[in-house]
Each structure stands twice: as C-alpha cells, then as structure tokens.
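K.L.:
After the structure tokens below, expect a handful of questions from me.
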Amino acid sequence: MKNIKKVYPMKFMPFNRAFTLIELLVVIAIVGILSGFIFVAMSGATNAAKDAKRKADMASIIKAITMYSIQNSEALPSTDTSCNLCSDSCTNECTDFYTNMQSYLPTIPMDPNGTTYYTYTYSASPTPNFTIDSTLSNYYTYEYNSLTGYSTIGFSTTCEAASNAEVTCSAITISSTEEACRCIYVSGTGTTTWTVPFAVSSIEFLIVAGGAGGGVTDREGGGGGAGGLLTGTISSLPASFTVTIGRGGASKNPGTNSVLVGNTTFTAVGGGDGGSPYGQVPVGAGYNGAAGGSGGGGGHAGVGGASTQTSQSPLTGYGYAGGNGRNASPYTGGGGGGAGGIGQTATTIGGTGGAGFQSSIIGTALYYAGGGGGGAQTGTGGAGGSSIGGTGGAASVGYNAVINTGSGGGGGGCNACAGGAGSNGVVIFRYTHP
C-alpha cells in the first residue's frame, strides 16, 4: 500500500483587536455632535410644547370670562388692574377676579415654567375691556385684548429706563429683531445707568466724545477737533453700564470725554480745540491746535494738534490729527481732525475739517465726529467735515457743529472773532432681541 499522508485540519488562533485611541476619539466626537443636535431639537420641541400650553390656557381663561360676561349682563369679572391670575396667594394677586370666577374657572392655570402667572388687566375706557398676557419662550408677549383680539408683541426695550434729568435715551426700532438705544446729553454731569436688556448676549456700541470749539482769532483760527470715537461689539456683559455723555466745547475750549463703565472702562476722548492767535503775547504763541480725541486745526501759521484716541479692546478707536494753518498771505486756519480722516492743511482758503466716521448702528448710515473747518480773514472759510463739522468763518465768527454728533466747531475768521462751538457727543447701543 502506498503511504497515505494524513491531513490535519488547520487551527486558527482567535484574533482580538482593540480600538485605537484615534478611533475612540472619533466615536466620542460623533456622539457629542449627535447629542448636541438631539438637545437642540428637544429644547425646541419643549419650548413649542410650553407655548402651545400657554395659548391653550389663555383660550380657557378667555372662554370662562366670556361665559361670566354673558350671564352677568355683559359685565367683566373684575376691576383689578394689571394683576397676576393665581389662586395661591401670589404677589399682586387678582383677588376680585378669583372670587368672581370660581364657578367658571375653578382652577386657574399657571404658566408651564411653574414660577410665573398669566396677567389680567382691566380697563374702563374706551369701553370696559380686558387683556390677558403671557410671555412666550422667545420672550415675546402673546396677548389677547377683548377689543382687538390676539397679537404678538415684540421685545420690550429698557432704553427709556436709562433716561434721567441729565441724559435722554430713546429707543430706535431697526427691524423686527433688532433695536438700538441712543443716549444724548441734557445737563449736569451727563451720567446715567443703562440696564442691559434681559437675555441679550452681546451689544454693539458707538461711543462719541464731545467735539471742540474752533479757535478765536485776530486773523484766522483753526477748526475744532472732533471727539474721539469708539465702536465695536462687547460680548462679556455686566448687568448694567454707567454712561457719561461728553459735552461739546465752546469757542477755544476742548470737548469732554464720553465714558462707558461696565466690566472695564471705555473712554472716547474729547476733541482738541483749534489754534487761537487772538490775544497772545508775543505774536505766534497759542497758534497751534490742541491735541485731543481728534486734534484741533492750527491757527494762523500754527501746527495742527495730534490725536490721542486709542483702541480699547474689544472696541476700536478712531481719531485723526488737525491740519496746519497757512504761514503765508492770505493766512488761513487748518481744519480740525475728524474721526474718519485728518484735518486738511490750509491753502488760500481755510482747511476742510477731517471727515466724520460713518456708521449704520441705528439702521441708517450717518456720519459722526466731523472736524471743524479753518477760518479765513479774507477769502473762504473751510468746510466742516462730512457736513457735520462747523464751517470756518470767512471774515466772520466760526459756525457751530451739528448737534449731538461729537463734531468740531469752525474757526473764527476776523479780528477777535470767536470760533464755533463743538457739539455734544452721543452713546448708542444696538442689540438683537432674544
């Protein structure tokens, strides 16, 4: 017999392979991303469910009030005004309402967040009517008025709360989701407190200091420098800001600072006044423009002032130097610096004030902080920067800057002629509704 080789079956060793660190990290990252999507989706669904319950609760309250009115000669159940609908001795409880409505609404529903209540308001005019208010998850007010029906009311501003005797703040509606608060100087120190609206996470700012007055002259004064300007967005927000509005300088006077205090201090520097040859002994002293947020223009044969405005993270600062006066006949004053450009050196006419800074923070593109034009004893005074700085006098006093723009006044242009006044600054907040 032939030898037959016996073949044994192969044995395979078990193959164990663990996950690598990179594979684990990838899996964890994917799970994290998916969890985030699920959380957002669940949050949205939860908010939608709460809003649906709010609307259903309001409908049941309105139905009960309607039934009461029908059975009581169209009278309303209460003369309580602006009170909370509750039955557990809450703050500002609608006591009369609860007493009158027990047969129609035995249990008064509470807002689904478990801590707030629906609000009932009664009014006797123009005819007896009532409203029921609820706050939705996006912080808008969902309201029913017995005369006008249902409505959704947008974000409620706290802008007016900043106003006091020294500062006026007014709300500006930009869109259905954005609003601005514009604060201007009235009197005194010009200081107020502005409360950050609830749930606002970041705010865009425009802070403009007061513009300076133009130079007083026995020949030709320099234009006043505009106030320094700060703009940008702050995301790390305090509960409130202290706001000081800078004032414009009178003839041959600097502007004052605008200051925002909250977490840190942000300062827009007041404008430097224009060069003023008048009354100086010996002749030539005082011809130079002063330094400031934007520098003042040089007077007759003088040098323009420098800008001292700096950026203050996260806000960017803007301010430019003033232009030189003309040291030749006909002598003319240089333009004051603006927040958007340097003041122009004087030629045979007064130097043009530096351009202002253009911003659309209130929804419309406007210029702020334009420099004042230089004065001229003969010929033509310089134009104000961006048409908001004061025009330089032409054998006359200088002209005032446009109010509440932080712009510089025009330089005087005749013997002992005063420069124009700089204008007060402004502070503007812009924010998105939650």
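None of the figures in this text is laboratory data; all of them are computed from the coordinates on show. All figures in this text were calculated on a predicted structure; none of them were measured in a lab. Don't worry about glycine lacking a Cβ; one is built from the backbone with ideal geometry, like all the others, and counts go over all protein chains shown.
K.L.:
Report, in deg cm²/dmol and to the nearest 500, the calculated mean residue ellipticity at 222 nm for the chain, where each DSSP H run with n ≥ 4 adds -39500 (n - 2.57) and the sum is divided by the residue count.
P.N.:
Mean residue ellipticity, 222 nm, calculated: -5000 deg cm²/dmol.
K.L.:
Can you compute 3J(HN,Hα) from phi for each residue in the stretch 356-365, using the Karplus curve 6.51 cos²θ - 1.76 cosθ + 1.60 with θ = phi - 60°, rounded to whole Hz and x for Gly and Pro?
P.N.:
x, 9, 8, 9, 10, 4, 9, x, 10, 6
K.L.:
Turning to a different aspect of this structure: Roughly how big is the stretch 45-153's charge dipole about its Cα centre, with Cβ charges of +1 (Lys, Arg) and -1 (Asp, Glu), in debye to the nearest 20?
P.N.:
About 320 debye.
K.L.:
Taking trypsin sites (Lys or Arg not before Pro) that fall in a DSSP loop and have at most 15 other Cβ atoms within 10 Å as cut points, what is the longest piece of the chain between them?
P.N.:
That gives 18-434 as the longest site-free run.
K.L.:
Which one, 251, 163, 176, has the greatest fluctuation when you compute a Gaussian network model over the chain with C-alpha springs under 10 angstrom?
P.N.:
Taking springs between Cα atoms under 10 Å, the residue moving most is 176.
K.L.:
Please give, to one decimal in nm, the separation of the simple spin-label points placed at residue 191 and residue 387, each 7 Å out from Cα toward the Cβ.
P.N.:
The two pseudo-label positions are separated by 3.8 nm.
K.L.:
Okay, moving on. Relative to the longest principal axis of the C-alpha atoms of the chain, give the angle of the C-alpha long axis of helix 21-71, reported between 0 and 90° and rounded to the nearest 10°.
P.N.:
The angle comes out at about 90 degrees.
K.L.:
Pop a pseudo-label 7 angstrom from the Cα along the beta-carbon direction at both residue 102 and residue 63 and give the gap in nm to one decimal.
P.N.:
So the label points at residue 102 and residue 63 sit 2.3 nm apart.
K.L.:
What is the fewest-to-most order of 174, 349, 70 by other Cβ atoms lying within 10 Å of their Cβ?
P.N.:
70, 174, 349
K.L.:
Taking amide hydrogens as modeled 1.01 Å from N in the peptide plane, which residues meet the under 5 Å criterion relative to residue 108, leaving out close sequence neighbours?
P.N.:
Sorted by chain and number, the residues that satisfy this come to none at all.
K.L.:
Taking the Cα centre of the chain as the origin, how large is its charge dipole in debye, to the nearest 20, when only Lys and Arg (+1) and Asp and Glu (-1) carry charge on their Cβ atoms?
P.N.:
2200 debye
K.L.:
A follow-up question, please. Given a Förster distance of 35 Å, report the FRET efficiency between residue 148 and residue 45 from their Cβ-Cβ distance, rounded to the nearest 0.05.
P.N.:
The formula returns an efficiency of 0.65 here.
K.L.:
Right, here's the next one. Only Cα pairs under 8 Å and at least 6 apart count here; give the relative contact order of the chain as a rounded whole percent.
P.N.:
13 percent
K.L.:
Kindly provide the pair-distance distribution of the stretch 259-353 built from C-alpha pairs, with 5 Å bins from 0 and whole-percent values in order of increasing distance.
P.N.:
With 5 Å bins starting at 0, P(r) equals 4, 17, 22, 19, 14, 9, 6, 5, 3, 1, 0.
K.L.:
Sorted from fewest to most neighbouring beta carbons within 10 Å, what does the list 86, 94 look like?
P.N.:
Placing the least packed residue first, the sequence is 86, 94.
K.L.:
With unit charges on the beta carbon (Lys/Arg positive, Asp/Glu negative), name the residue among 148, 348, 127 whose Cα is farthest towards the positive pole of the charge dipole of the chain.
P.N.:
Highest projection toward the positive end goes to 348.
K.L.:
Continuing with the same structure: Loop-only check: which chymotrypsin sites (Phe, Trp or Tyr not before Pro) in the stretch 162-243 are DSSP coil with at most 11 other Cβ within 10 angstrom?
P.N.:
Passing both the DSSP loop test and the Cβ count: 198.
K.L.:
So for the chain: antiparallel DSSP bridges make up what percent, rounded to the nearest 5?
P.N.:
95 percent
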